[in-house]
1. Of these, P34, P13, P2, which one is touching a residue at least 12 places away in the same chain (Cβ under 8 Å) and in contact with a Phe, Trp or Tyr (Cβ under 8 Å, 6 or more places away or on another chain)?
Amino acid sequence: MPTVVVHLMGEDPFVAEIEDLPSPTDQTLSVVNPRRRDNKPVHYIEAGTVSVIFPWHRINFIEVLPDESAEGEVDLFFRT
């Protein structure tokens, strides 16, 4: 289950898991376990909510994070 960072229009980004990466024909994005980057609850989602469906017109972009098993395979570049 990929972990993603979802950037909604006019809101702070949040972290969640998705079943599959979205296809070009999808009209919505379904996420599971939405939370802020610091693992606190998202203020505009009701407490205890497990799954949320967002329409595509609300989403600016989505970042797909590497899973823990592939973490050693991803080259990270930093400025020094």
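Bear in mind these aren't lab numbers, they're just calculated from the coordinates by the rules spelled out. Computed from a prediction, not measured in an experiment: that's the story for all the values here. Virtual Cβ from ideal backbone geometry, glycine too; neighbours counted across all protein chains shown.
1. P34
Yes/no matrix, rows are residues, columns are (1) out of contact with any strand residue (DSSP E or B) (no Cβ under 8 Å at 6 or more places or on another chain); (2) surrounded by fewer than 14 Cβ atoms within 10 Å (Cβ to Cβ); (3) under 19 Å from H57 (Cα atoms):
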| position | (1), (2), (3) |
| --- | --- |
| M1 | no, yes, no |
| V5 | no, no, yes |
| F14 | no, no, yes |
| L21 | no, yes, yes |
| Q27 | no, yes, yes |
| P34 | no, no, yes |
| R37 | no, yes, no |
